[in-house]
Amino acid sequence: MATITKEDVLKALSYVEEPDLGKDLVTLNMIEDVVIEGNRVSFTVVLTTPACPLKQLIHDACERAIHTMVDKDAEVVIVMTSRVTTMRQNRDILPGVKNIIAIASGKGGVGKSTVTANLAIALAKSGAKVGLVDADISGPSMPLMFGVEDARPHVYQSAEGRNLIQPVEAHGVKLMSIGFLAPAESAIVWRGPMASSALKQFITEVEWGELDYLLLDMPPGTSDIHLTMVQTVPVTGSLIVTTPQKVALADAEKGLQMFRLPQINVPVLGIVENMAWFTPAELPDNKYFIFGEGGGKGLAAKHEVPLLGQIPLVQSIRENGDQGTPAILQTGTPAAEVFEQLAEELARQVSIRNAVAPKTNIVEMNR
Ligand SMILES: Nc1ncnc2c1ncn2[C@@H]1O[C@H](COP(=O)(O)OP(=O)(O)OP(=O)(O)O)[C@@H](O)[C@H]1O
């Protein structure tokens, strides 16, 4: 029996392609720690996201490559791990944050905050480091959804005398909400400049530390706040939440087009269709398309972006949100599974974006 060498192993693995990124694992520097002991071959595959939907597929392809090209009797031990990629360089702002994702909707009330809260927790559960900025000045709902309505971020002075804000941590996610700045029942109406400066502080004065994903829950519609956010940070990509209803779709389309304006130029990573159908708890296999059918798919096709997920209208999603324990926390339920899949798909699009697209700049406006 010929001795197996590291070169043999790498050669075989150079035939295994990362399907999303279209290149082989060796070229993508995804193979580490190759160790050969007799006919035992072990190595680590570093995926670009912990929530990788292709994990098993890539694992099996590696094993097959070693068995067919190196030694059919080799004992193959593969450690699957991950390191979230980034395309951010010169990170003067948010130096530890790899990816910033703006979540927007055209119309209010389509479930953007519900989707964002569940997504953030799903990504954190998969092993990623996640932060969330609730920039929804029209009705910040994150403190309620995360069950931290009474929490207040801790402010302290750094050694250099700067005021720094520590985000609130809940369900594994670091959270800052415009709702923390005023009690829920107060009549403060956040208007343009005041809201903009509060949100800028969330980016520049909050100790976010190391994050794989920072999600921005944007207000509905298209507004000055959207501009403030893209002017303050280079956003990796955006996600559009809509329902299948015609009026919601029309507004979602406006939101999508806003991100594509030349002066904003933030890639749209995908569309999420929320309330895609109603499923009663007692008839879990039934689907009632009460807001219409196929709207999200049509919008995605029209603008050539992926439809990343369809979330059913389920009573428990509403109830869990209101109780401060989003549906994703009820592991094993159908609702938790759809949010897990959505998180996988989003993370996948971020990896693809980082591998292929040019970087997004902070928008500079001459007004
Ligand atoms: N898939 C779902 N199933 C059941 N209830 C849902 C679902 N998605 C959202 N909801 C409920 O719909 C209501 C509106 O959702 P949410 O607050 O997330 O919307 P929104 O788009 O963020 O609104 P706005 O931006 O106007 O504040 C909430 O009561 C929420 O619990």
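If each residue's Cβ is checked for other Cβ atoms within 10 Å, how do L249, L313 rank with the fewest at the top?
Taking fewest neighbouring Cβ atoms as first place, the list is L313, L249.
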*Using the number of other C-beta atoms within 10 angstrom as an exposure proxy, rank T48, T331 with the fewest first.*
T331, T48
_the chain: most fluctuating residue of N274, N354, N29 per GNM, C-alpha cutoff 10 Å_ = N29
*With the radius of gyration and the Kirkwood radius both derived from the Cα set of the chain, what is their ratio Rg to Rh?*
1.01
*What share of Cα pairs, in percent, lie more than 19 angstrom apart in segment 6-82?*
24
*Pull out a ≥ b ≥ c, the square roots of the eigenvalues of the alpha-carbon gyration tensor of segment 115-237, then state rounded if a/c is under 1.5, prolate if not and a/b is larger than b/c, and oblate in the remaining case.*
rounded
*Roughly how many debye, to the nearest 20, is the charge dipole of segment 97-356 about its Cα centre, given +1 on each Lys and Arg Cβ, -1 on each Asp and Glu Cβ, and no other charges?*
660
*Using just the helices of the chain, give the 222 nm mean residue ellipticity in deg cm²/dmol: DSSP H runs with n ≥ 4 each add -39,500 (n - 2.57), and the total is spread over all residues, rounded to 500.*
-10000 deg cm²/dmol
_I'd like the orientation of helix 334-356 relative to the chain: the angle between its Cα long axis and the longest Cα principal axis, in ° from 0 to 90, rounded to 10._
70
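Out of the GluC sites (Glu not before Pro) in segment 278-326, which ones are loop residues according to DSSP with at most 10 other C-beta atoms within 10 Å?
Answer in residue order: E282, E304.
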*Would you mind ranking Y156, Y213 by Cβ crowding within 10 Å, fewest neighbours first?*
Y156, Y213
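Every read-out reported here was derived from the displayed coordinates using simple, explicitly stated rules and does not represent laboratory data. Keep in mind the model is a prediction, meaning the values are calculated, not measured. In this analysis, Cβ positions are derived from the backbone assuming ideal geometry, glycine residues included, and neighbour counts consider all displayed protein chains.
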